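To start, the structure itself, in C-alpha cells.
Every number in this text was worked out from the coordinates using simple rules, so none of it is lab data. Given the structure is predicted, the values throughout are model-derived calculations rather than measurements. Here Cβ is always computed from backbone atoms with ideal geometry, including for glycine, and neighbour counts include all displayed protein chains.
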C-alpha cells in the first residue's frame, strides 16, 4: 500500500502549526502560501478529516489535527534521521561530532574521552559545549548536538546512566554557619546561597533555593571560588571539591536533613541507532571514561 500523503505535505502541516499560520509557514519553507494551503487541503481530503478549524480569522488545530501534528513530527524526524544516516554512511566517518554536556560531568572524564577519540581519529573536529541544567536538553531538542550528557532526559529520548553525582552542602571553614550544630534548612535562610544559572533559555531552577540572599553565577568555578572566600554556602558536587575538605579550607555543613543529594548523569545519543560511526565511537569513549575511578574528593 502506497502512502497517500507525501513528506512535503506533512512538513507543510507541521510548519503551519510551528510558525503560527499559513503565511509564516510559506516563508519558512520558501514556498507560496497557496502551495501550503493546497498541501493541508490534500491531507484533509485524502484522509477524510479536518486538521484545522477556524477560530475567528485564525486557523486552530482540531483534536484530530493535534494527533496528525504529533505523528507527522515523528514521521518527518525519522525520515530526516534516515537520510542523515545514509549520507554519513556514504561519506564514511563524519567530519564533526558535537557534544553538549552538563558542567557536572567531571572534566577529567571528558578530557580522557576526547584524548582517546583524538588518538583514533585526529582529523575529526569536535565541538564541546558545557551547559547548566536545561542547556544540554535544549541543544538536543534543537538538533545542535550529536551526544548529550544531562541530568534530565527529555521525553522521546533514551538516556543511559553514566554516573551518580553526589552533592554536599559546604561553606568556608570560618563561615558563621559552622558555629551551629544540627543546622536546619530554616537556619540557612538567613545566609547567602551561591547558585548556578541555567544556561538554557527557560532558566530552570533545581534544588533548595529558599535563602533570602542569593547570588547567581554562570560557572561552577566561580561558585567554588566564592564559597572559598566565605561569600556564601552551596550544595556542590564532590568532584569539584578537590582536596579542600582535607585541607580544612571548606567544611560540610552539619545539617540535620538535606546535607547531601544525588542525581544521575545520563548519556543520550541524539540519533539513536542512526548515529554515525564517529558519534558512536565517541559515545563509547565517554562510557569508558565515566567508568574510570574519580579523583579523591576528600569525602568519607
Can you tell me the mean projection area, over all orientations, of the convex hull of the chain's alpha carbons? Units nm², please. 20.9 nm²
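Please sort 68-75, 126-133 by packing, taking for each peptide the average over its residues of neighbouring beta carbons within 10 angstrom, highest first. Kindly include the intermediate steps, with their values, before the conclusion.
Details: 68-75: 16.1, 126-133: 18.2.
Going by the mean number of other Cβ atoms within 10 Å, highest first, we get 126-133, 68-75.
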Can you check what the Kirkwood hydrodynamic radius comes to for region 112-236, Cα pairs only, in Å to one decimal? 17.1 Å
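Arrange the peptides 262-275, 214-227 so that the one whose residues have, on average, the most other Cβ atoms within 10 Å appears first. Please list the in-between numbers first.
Numbers: 262-275: 17.4, 214-227: 15.8.
The densest-packed peptide leads the list: 262-275, 214-227.
Could you grab the relative contact order for region 7-90? Cα pairs under 8 Å, six or more apart, rounded to a whole percent.
On the way: 75 pairs, mean separation 21.8, N = 84.
That works out to 26 percent.
Which ordering of 2, 134 is given by a fewest-first count of other beta-carbon atoms within 10 Å? Mind showing how you got there, number by number?
On the way: 2 3, 134 22.
Result, fewest neighbours first: 2, 134.
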Computed from the mean reciprocal separation of all distinct C-alpha pairs, what Kirkwood hydrodynamic radius does region 1-144 have, in Å? 18.4 Å
A correct Stokes-Einstein calculation for region 7-90, using the alpha-carbon Kirkwood radius, 37 °C and 0.692 mPa s, returns a whole-number D in µm² s⁻¹ of 246 µm²/s
